[in-house]
Amino acid sequence: WPSIYVGIDVIVNQETPPHLDKVSAPSLLDLLVSLGTHDAQFHVSDLGPIFSYQPGTMIYLAGKLLHHSV
């Protein structure tokens, strides 16, 4: 189907270590969506805050510029 997005990654039942998104464009934001049933936290290590990342959460992030993890 047609999409306005350049790429889609699906991560299921995994923790992600702090990383930068290699494929993202530095001038664009990535959309992260949390679905399912879990209790997780989203950490932006370059900025310091830790956010609740419960099902239904949507985060826009400059993933190529900011280290982040779940």
One residue is enough: does the range 7-20 have a residue meeting the conditions open to solvent by less than 50 Å² (accessible area, probe 1.4 Å) and either out of contact with any His (no Cβ under 6 Å at 6 or more places or on another chain) or assigned to a loop (DSSP other than H, G, I, E, B) (or both)? yes
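Residues are listed down the side, and each one gets a yes or a no for (1) within 14 Å of L65 (Cα to Cα); (2) among the charged types (D, E, K, R); (3) free of Cβ contacts under 8 Å to residues at least 60 places away in the same chain:
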{"residue": "D9", "(1), (2), (3)": "no, yes, yes"}
{"residue": "P18", "(1), (2), (3)": "yes, no, yes"}
{"residue": "D21", "(1), (2), (3)": "yes, yes, yes"}
{"residue": "D30", "(1), (2), (3)": "yes, yes, yes"}
{"residue": "H38", "(1), (2), (3)": "no, no, yes"}
{"residue": "F42", "(1), (2), (3)": "no, no, yes"}
{"residue": "S45", "(1), (2), (3)": "yes, no, yes"}
When every residue in the range 36-66 that is aromatic (F, W, Y) and touching a Phe, Trp or Tyr at 6+ places or on another chain (Cβ under 9 Å) is compared, the one surrounded by the fewest Cβ atoms within 10 Å (Cβ to Cβ) is F51
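The values are calculated or read from the model by the stated rules, or taken from the named source; none is laboratory data. Since the model is a prediction, treat every value here as computed from it, not as a measurement. When we count neighbours, we look across all protein chains shown, and the Cβ atoms used for this are built from the backbone with ideal geometry, even at glycine. Calculation scope for accessible area: heavy atoms of the full protein, side chains included, ligands and nucleic acids excluded. Shrake-Rupley method; radii C 1.70, N 1.55, O 1.52, S 1.80 Å.
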